[in-house]
1. Residues that are surrounded by fewer than 16 Cβ atoms within 10 Å (Cβ to Cβ): which helices (runs of 4 or more DSSP H) entirely in segment 129-209 hold 3 or more of them?
2. Give just the number: which of (1) in contact with a strand residue (DSSP E or B) (Cβ under 8 Å, 6 or more places away or on another chain); (2) not assigned by TED's automatic domain parsing to the domain that holds TYR285 does ALA108 not satisfy?
3. In segment 210-261, what residues are assigned to a loop (DSSP other than H, G, I, E, B) and of a type in the set (Ser, Thr, Tyr)?
4. Take segment 67-83 and flag every residue that is loosely packed, with under 15 Cβ neighbours inside 10 Å and of a type outside the set (S, T, N, Q).
5. Please go through segment 279-299 and give me each residue that is touching a strand residue (DSSP E or B) at 6+ places or on another chain (Cβ under 9 Å) and not charged (D, E, K, R), ordered by number.
6. Tell me which residues, restricted to segment 700-719, are assigned to a loop (DSSP other than H, G, I, E, B) and free of Cβ contacts under 8 Å to residues at least 12 places away in the same chain.
7. Name every residue in segment 134-148 that is within 16 Å of TYR266 (Cβ to Cβ) and either in contact (Cβ under 8 Å) with a residue 12 or more places away in the chain or not assigned by TED's automatic domain parsing to the domain that holds ASN302 (or both), in order of residue number.
Amino acid sequence: MNGRSEGDPESGRAGDSSGVTARQTSKATQANALFRKNLTFQKRNWRTNCCLVFFPIFLCILLVVIQTAINNLLSGSDFQCGCQNVPDPNGGPAKKVCGLQYSNSDQAVWCGIPNPAPWPAVLQVPEPQNRATKSSEFQDLPEDPSCRTLGTCAATIPYTGSNKTAADALASLLLGTSGNFSVADPLYSLATLVPGSDTLAARSLLIESALTSSRPTYILRPSCAGASPVSIPFSAGGFSFSHDFSCLETRSLWLNNESSVNALLYGGYRDGNSRKEIGEFPAAYDFKNTGPANFDVNVWYNDTFANRTTGRGPSVMIRVSRSLNMAAQAFLRYKSGPSASLPLLFLKEMPKPETRLRLDFSSLIGPLFYMWVLGFLFPVVLTALVYEKQYHLRMMMKMHGLGDSAYWGITYIYYLSLFCLYMICFIVFGTIIRLNFFTTNSYSLQIVFYFLYVNMIISLSFLVSNIFRSVKTATVVGYLYVFGSGLLSSFFFQNFVVDLNTSRKIITALEIIPPFATYRGLWEFAQYAFKGVYTGTKGMQWSNLNDEKNGMKTVLIILAVEAIVFMLLTLYLDQVVASGGGIRKHPLFFLNFKRKDKSIGSTLASSRSNSRKISGSSKSLSHMAVEDKKAVKRQDVEREREQVEELAANPTTEYPIVCDNLKKVYPARDGNPPKYAVNGFSLAVPKGECFGILGPNGAGKTSSINMMIGFLKPSSGTAYIQGMNILTDMDRIYTCMGVCPQHDLLWGKLTSREHLLFYGRLKNLKGTELKNAVESSLRSVNLWDNGVADKQCGKYSGGMKRRLSVAISLIGNPQVVYMDEPSTGLDPASRYNLWNVVKQSKQDRAIILTTHSMEEAEALCDRLGIFVNGELQCIGNAKELTARYGGLYMLTITTPPEEEAAVMELVKSLTPNFKKTYGLSGTQKFELPKKEVSVTTVFTAIEQAKKRLHIQAWGLSDTTLEDVFIKVARGVNGGVALH
């Protein structure tokens, strides 16, 4: 690289690099950066977005296909009136004529009947085996139970009244006169008698099942002596037929009061008696205060014949009119004499047009279908948010300056726009295919409902995302919520809505649960649409919101309030719950006064005392006190601590990073004591310095960096970045900080150029300055040539992703940069190139770097610190550490295993103060003090030993940084195993 224009990722930067607020970015700029990034990402994700938008269209098409298939299935001859070609009597061509006379039993129900046939009014009587008989509970009944076996049981009509004399007279007149049939006028003849049938009535009076059934129709008489069955011809609807009539002996039974009648009727119910027997009555009467001048009667009838509770078929009509006519005619005869007559000539159905069976599938599945269509929006938002949390993408954006308000605002606007488009497609396509649900209801009312719903479901998704840490779990729970809430609403909540006895307050309380409110709104639309189609009127309009039973107004209010409440709860929990967005704040953080800007000096001085406050459990605190007493004072580490204290007293902008006694203790678990991850980490890094942190796995390196970048909250102590406290000013610190995390946090569908454009905008780079900085960064990390810059990151190798992560950390002139193992996975050429980038970039900033590569540490780091067991063991540059912990030669000899003892004697002859550091299968490594041996002595001794030993290989080297690292780590009390 030749100069800064190509080698420095920060060429073209603006502003004063020494100022604390040199890179302050406005919220509008942050929002613009995130919006552009999201827009680019969604363009690449167009297939998924198109599937989402066209999903309701697909469902509507599926609905149309199913509806068409059902219509084709129902278009057969069995689902329409029967027709035949009838010859023209005038000799013309035959005409197709449809009617009952050309229909079978399946087709007849669809025929038009402009003039329905009149039918006699029939009394519903029990079947012979179900008629009431004498029992232990009811001894007054006239019939003996043995009549059931013979099928000769008479019917019994209970009655009561306040005036027994009048009631007895009326009861004796209930069955009318004992006239005979007239074949010429059978309807009038039956009107003067009391016909009855034990067959169930049909669903309408187009056909009277009593006369079309094979069972005889009864004529109820006080006595059947001498009566014989008779067949009477009838003509109805173009058909002629005859029907058999037989006599049914019917007796009246006086009971003392209304309660006795009720007890008798209930006793005839299967569950109303201990024998589980049925004992039914045709009717029962309470004549109350009926007299010559007053007609007051109650009539009991058997409602179970309506078949409303069995669930085994549709409900049917109940034959009540004849029992009412019996009472009215009895009163007229009681008052005017036995010859008086009030005939009920016939009953007749309303005219009926010809119909065909049509099944509106969308109405059949009802609100549940639309509930599921709307519900699919929930897991879409939920999984997207949890994905960014699980893979720390949101934290990565936040560490580079993206504020919470910009993140939530742009994310909300994006999903609001996408889901509004989703709902528009849903309404428009539903209208195109003429679904009554959409076409009959007010479009403006539908738009308001769906808009409020979309806002509520987005806010709810934001809120629920705080609970989950795994995308898989969130996805499963999200779709279970969709299907479960729909089924629960349909089979549980709807029962409360349709039950008129349910308190409206209870329903409103249930509607606070989001899916119930949504279902209620959809249910109201469906009910009004069905009513509109049935009555030929419009569906729900704005004026209908004031209807007494209309719950839409309440639903709209609930959805609007919940959208606001859920969003406020999301913003609150995002700050106080560790949800992947940084350090948790105090639950009452919003009660604090607005912080005023302070100078760097006052910030350091005033907050230092507060930073000494320790947070944590009592066990953790006591453990920290014990560990502090055990701490070994190391001269170089103590000098660094003293410098930190001096900087606290006399702050300066020349030290962008000041760590003041940082500690992190994890609480005790499963009977184990608290774990000291970081113990008293004090460090001051000036501008232009790259400080390297070495240490074995689990030593506390990453925990230290995580505290400095706001990912972990310190148990005690603090750090000052550009004079700002990480405990109180983390949002401002992010604007002047760059991070290269241990794992590459990238969007697989974005290119490296688009990544750098996004993070450059977050660092307030604009226009040509941004373009130049991005190009310079890409060239510096070898991601420019051959179109690599415009290749999606998901197709990059691990090394290319690593180089991009380093470029991201340096874009925008951050004053402080953290690099966690930046060269992991790079080939040697790329590694050396990357080192050159870091060397040039550290001139104007402070860099903290962690690594396991001693070569990288020596090449990049001005100073090094070795971390073991959460503590800094030593600080200094590579040469200082080598000199301090060196003074030794490293002698390595490889022989057959049986000669290991002889090698030990050879080394002992060179110096008795040797130390064996390694031994395995004949290969041994020894430390030899430089003061006691010379290189010549060692060479001579080895050459002589070759004559008697089988020395396969040997080597002598000076102390390396790796040797120093191993020695320091193993020398710590309770040192860790090295990997």
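1. Working: elements: 147-150, 164-172, 186-191.
Answer list for segment 129-209: 164-172.
2. Tallying (1) in contact with a strand residue (DSSP E or B) (Cβ under 8 Å, 6 or more places away or on another chain); (2) not assigned by TED's automatic domain parsing to the domain that holds TYR285, ALA108 fails exactly one: (1).
3. Filtering segment 210-261 down to residues assigned to a loop (DSSP other than H, G, I, E, B) leaves 213-216, 222-229, 237-238, 255-257.
Once the filter is applied, which keeps residues that are assigned to a loop (DSSP other than H, G, I, E, B) and of a type in the set (Ser, Thr, Tyr), segment 210-261 yields SER213, SER214, SER223, SER228.
4. Once the filter is applied, which keeps residues that are loosely packed, with under 15 Cβ neighbours inside 10 Å and of a type outside the set (S, T, N, Q), segment 67-83 yields ALA69, LEU73, LEU74, GLY76, ASP78.
5. GLY279, PHE281, PRO282, ALA283, ALA284, TYR285, PHE287, VAL297, ASN298, VAL299
6. Start the filter on segment 700-719 by keeping residues that are assigned to a loop (DSSP other than H, G, I, E, B), which leaves 700, 709-715.
Correct list: empty.
7. The first filter runs over segment 134-148 and keeps only residues within 16 Å of TYR266 (Cβ to Cβ), leaving 135-138, 140-141.
Answer for segment 134-148, where residues must be within 16 Å of TYR266 (Cβ to Cβ) and either in contact (Cβ under 8 Å) with a residue 12 or more places away in the chain or not assigned by TED's automatic domain parsing to the domain that holds ASN302 (or both): SER135, GLU137, PHE138, ASP140, LEU141.
Every residue, every condition in (1) part of a helix (DSSP H, G or I); (2) touching a helix residue (DSSP H, G or I) at 6+ places or on another chain (Cβ under 7 Å), yes or no:
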site: ILE57; (1), (2): yes, yes
site: THR68; (1), (2): yes, no
site: ASP78; (1), (2): yes, no
site: CYS81; (1), (2): no, yes
site: PRO89; (1), (2): no, no
site: LYS96; (1), (2): no, no
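The values are calculated or read from the model by the stated rules, or taken from the named source; none is laboratory data. Quick caveat, the model's predicted, so the values are computed rather than measured. Please note: Cβ atoms are built from the backbone with ideal geometry, for glycine as well, and neighbour counts cover all protein chains shown.
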